[in-house]
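Read-outs throughout are calculated quantities, based only on the coordinates presented, and are distinct from any laboratory measurement. Not measured: the values here are computed from a predicted model. Positions of Cβ are backbone-derived with ideal geometry, glycine not excepted, and every protein chain shown enters the neighbour counts.
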Amino acid sequence: MSSSQSQSPRKRKRTSFISPRRILIIAQSTITQLVRMKIFYFLAPIAALFVGIQFFDAPWYSGPEASQPQQELQMHKNLCLGTMMLFSSLFAIVSTALLIPRDIEDRTLYTILCKPVPRLDYLIGKLLGVMTVIFIALAVMDLILVITLHFRTESVLADVEPYLQNLGWTEPQIQQTLDRIRAHGPSLTLQYGVLAYFFKASVVAAVALLISTFSSSTLFTIASSVMIWIIGAVQNIARQGLFDRGGLAEDTGPIAKVLATLVSLLFPDFQIFDSIADSAARAATITPEQMLTLGGFTFLYLAIYTVLSWFVFSDKEF
Amino acid sequence: MSDIPAVEVSDLVKDFVPSFRGAKVRAVDHVSLRIEPGEVYGLIGPNGSGKSTTMKALLGLVRPTSGKCAIFGQDSLRVDSRNDVGFLPENPYFYKHLTGAETVKFYGKLCGMRGAKLKHRVDEMLDLVGLENARNRRLKGYSKGMLQRIGLAQALVQDPRLVILDEPTAGVDPTGSRDIRDLILELKSRGITVFLCSHLLEQVQEVCDQIGIINHGKMVRQGRLQDLISLEDRTQLVIKNSTPELLDQLRTIIDVTHGAELISEGNPRTTLEALFLRETQPVRSTTRTRRKRLKK
Amino acid sequence: MGPLPKIIVVFLGLTAAGLTKMSHEQKFTEELREAGLAPPVLKAEQWAQMSQNGLAGAFGGLRSVLAFFKSLEAHGYFENQEWYRLKTSYKLITSLDPYNPFYWEQGSGHLAYNAASWARSQRDQPEKKRLSIEREYLEAGDEMLREGIRYLPQDAGLWAEIGRIWSHPLKRPDIPRAAEAWKNASELSDNPVYHRNYFYALARIPGREKEALNLGIELLEIYPRNLTIPNFRSVLWALYQNPLLPLDMRKPTLKQLFGSKKRAYRDLYNYWFRIQDDQYYPGDVEADLRQLIIDLKVPFAFNPFLSPRQRRIPASWWKE
């Protein structure tokens, strides 16, 4: 133990409002906690599933003579991306819902908050830790998807090219068809889809964080977060009716309109993330500007839920 | 007395309102206390008397309904005030997934420590609490006593000026308990202020300078320990190798002295703790050796 | 602050944030819809038709995955010939994944081909009823493709499918409808198949032979390989025989168009039988055929005016 520090007057340390370093420390601890809960073991069956999908042919698959030979690649992507979305969203809910209530129950939180750690740093650190683990998991799944999709794309190309040559198609026509198939293979657009699901899972985690700050029950937090996840997928439909006639707004009564308004205001719109991801699976053109806008919405949602979480958590008593 | 006390609790009141309905429960009722730097203060009281709530108010874990708490002059609700505080909770629980060394390092980092200084400090603390051999074991494999010791290590990691200990010897064997007592005295000798709650009154008596007795949320008695427990109108003599004749003479003197009265006589007793230690610890490190170790 | 006031403040905070973000969300969603990246708003009747699975998919953000699994289910309906369920199923599938042309094609294919064929084959039903139901399924297939074109206006394949339905020789050809569809397909794509099919369809519409001929000549210039296709050569030759063409119009010889007399005979032999199958094809090639029979000393068996159609004439005779 140092001999002089306790006796000589100390320069008073000023704790900053937000410290990136402290946030990273808590995030790192959260990552270690989740990793040591063997969360990545779940990736093994998912990897097996992705590899299995590679060899799966739908019963309506008709080989290279199909009018849309790239459809099997789209099926491959839809199934894999769907799995990634489910895993990342549910993981975000469950892991975030467990973190704070567990810290409170175990009183680990006391020892943390008794150090010079602002509560906001603690919340952001926890959220960042969960987001990092989700990112890593999605990155691994993405890698497996890219590899299996690459092999499947090459297989389709190898089937289609000689078939079209036998039909007497010209070289430019064949290349056009092959390019259409290649567009459905691994591409930057596909990565946009994965990124969209990462954004979605991050927002879901922030929602779970908010609920966990005022709920003492993990089960309630999980159930509420799942409900918000579901409602968020159709928030755009409720909102649509407020902006123009159409959808469910047709011939709806005042109660339905009030409900639609509440849903539009209170819940995030998860459809924007799903739309981008679905479009990525279809190899549609997604611009960097659209991804930036999506990132902007993600940041906005994260900020809203984190600030509200801080508001609830800041004077929570233990 | 210095100008800035280590701890100042002024007229603290804390009410709890259970759920959305139910009568308000007053856990702390106008409690005031002041601890000077370098003192050891013991807060004692029965279960549910408000000790923990007072401690939590000081640590900013609960917000006072009224009154103020300050640590070295800083409002305890401010995060800054915790730069100088190390806290060992009752029945401490830390992240089970971390090892002993990782735990101390984690808390050191939260206090802004880093690099070689932090590494050295972690080694020092683990050595101090006797957990060097278990540094790489995850906390889920630790016994209660080991958890208590790792709790001490994290409380002291940033070399705080004030250490708050809530039942520091709960669940610890007499040897460990003695070590903790020695540690508290060591901290005191270094000028570190200690604020502790304990049910083990004998231990409180051994280490504290000041005590406060709290009951039903109110501070019923407070002051310097020696002043509170000394029976002013009585004197104690402990004589070694006395003879019956000497004892008779003393009795006679007392009889003839106006106002004096012999209350009791007999063989003084040792403590069960001292007996236990004598019987179970044939070779014990001396306080001087411990001081040497701490100085390194 | 107690828990209830906190919840109220959180609610108000979310409401305030919602008021700020709502218009931006709407704007972004509309931008994505315009770009064909976001699904269209589901109509009220589509919601009503959605089964629990559909709702789950829509709510869970797994629309395209659910569409895939529903298509597997629909395949089962096809195998069991449950056409009503299949049709309902594809309505749901296409609403879940409307920007995927595959499902529009697949659904319409089941209706226009499989269901229509099944209807026609029900011998225990009166013929009028069979034909009526068959027609219904053909129209249902056509309608499904046109619905798909609303979502995918740039997809030539969907127009091509409409063209195939109405030009299929074994179905109920509607050549003007087929021509319109092939025209749209060829405008959206460079696929020579679409252009040729438009040419064939146009050639079969009475009164549009000149237009067809001009198109044929243009296609020959763009895709010289069209000359290697027997049907193309035959139709073009037949169009050149149109008596309404200007007399001074430059016409190719038999050898120029077909490469040899034997090849010309082979192509026109098949073309002749196609005309006899009551499928309107332009031009009168009988005179050319009779001349070739004399010039080539065609055997009795291969003479279309004396023998029935030979599905397989020996290669030795065709050899040049």
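Tabulated values for the structure
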read-out: Listed residues A:ILE272, A:GLY52, A:ILE211: farthest to the positive end of the dipole of chain A (Cβ charges); value: A:ILE211
read-out: Farthest toward positive dipole pole in chain A [+1 Lys/Arg, -1 Asp/Glu at C-beta], among A:TYR122, A:LEU143, A:PHE220; value: A:TYR122
read-out: Listed residues A:LEU123, A:LEU308, A:LEU210, most fluctuating in chain A (Gaussian network, C-alpha, under 10 Å); value: A:LEU308
read-out: Within chain A, helix-based [θ] at 222 nm, where runs of 4 or more DSSP H residues each add -39,500 (n - 2.57), nearest 500; value: -25500 deg cm²/dmol
read-out: Cα-based shape type of the protein assembly as shown, given that a ≥ b ≥ c are square roots of the gyration tensor eigenvalues and the cut on a/c is 1.5; value: prolate
read-out: 3J(HN,Hα) from dihedral phi, the stretch C:271-277, Karplus parametrisation 6.51/-1.76/1.60, rounded to Hz, x for glycine, proline; value: 4, 4, 5, 5, 5, 5, 6
read-out: Cα gyration tensor, the stretch C:197-290 - rounded (a/c under 1.5), prolate or oblate; value: rounded
read-out: Sequence of C:TRP317, C:TRP104, C:TRP237, A:TRP169 once ranked by neighbouring C-beta atoms within 10 Å, starting from the fewest; value: C:TRP317, A:TRP169, C:TRP237, C:TRP104
read-out: Extension gain, A:ARG21 back to A:ALA303 (0.36 nm per residue minus Cα-Cα distance, nm); value: 99.6 nm
read-out: Where labels lie 7 Å past Cα in the beta-carbon direction, separation of C:PHE273 and C:LYS128 in nm; value: 3.6 nm
read-out: For the stretch A:101-246, Kirkwood radius (reciprocal of mean inverse C-alpha pair distance, Å); value: 19.8 Å
read-out: Violating pairs (Cα-Cα greater than 28 angstrom) within the set A:LYS257/C:LYS27; A:LYS126/C:LYS27; B:LYS68/C:LYS6; B:LYS96/C:LYS6; A:LYS126/B:LYS117; value: A:LYS126/C:LYS27; B:LYS96/C:LYS6
read-out: Reciprocal of mean inverse Cα separation for the stretch B:1-151 (Kirkwood radius, Å); value: 17.6 Å
read-out: Contact order normalised by residue count of chain A, Cα under 8 Å, 6+ apart, percent; value: 24 percent
read-out: Pairwise FRET efficiency - B:ASP209 versus B:ILE254, Cβ, R0 = 41 Å, nearest 0.05; value: 0.80
read-out: Ascending count of other beta-carbon atoms within 10 Å, so fewest first, for B:PHE94, A:PHE42; value: A:PHE42, B:PHE94
read-out: Farthest positive-ward along the stretch C:93-137 dipole, Cα basis, beta-carbon charges - from C:SER108, C:SER95, C:LEU131; value: C:LEU131
read-out: Candidates B:GLY141, B:GLY223, B:GLY38: whichever shows maximal mean-square fluctuation once chain B is modelled as a Gaussian network with Cα springs under 10 Å; value: B:GLY141
read-out: Relative compactness, the stretch A:179-311, computed as alpha-carbon Rg over 2.2 N^0.38 Å; value: 1.20
read-out: FRET efficiency, 1/(1 + (r/R0)^6) with R0 22 Å, evaluated for B:ARG34 and B:GLN236 via beta carbons; value: 0.10
read-out: Modelled FRET efficiency - R0 51 Å, A:SER155 with C:ARG172, Cβ distances, 0.05 increments; value: 0.85
read-out: Gyration tensor verdict on chain B (Cα atoms; rounded if a/c is under 1.5, prolate if a/b is larger than b/c, oblate otherwise); value: oblate
read-out: Value of [θ]222 nm, deg cm²/dmol, for chain B, DSSP H segments ≥ 4, -39500 (n - 2.57) each, nearest 500; value: -10500 deg cm²/dmol
read-out: Full-stretch length increase - C:LEU72, C:LYS261 - with 0.36 nm per residue and alpha-carbon distance subtracted; value: 62.9 nm
read-out: Cβ-defined net charge surrounding A:LEU190, 11 Å radius [Lys, Arg +1; Asp, Glu -1]; value: +1
read-out: Cβ-placed point charges (K, R +1; D, E -1), dipole of the protein assembly as shown about Cα centre in debye, nearest 20; value: 1500 debye
read-out: Simple label model, 7 Å out from Cα along Cβ direction - C:ARG150 to B:LYS24, nm; value: 6.5 nm
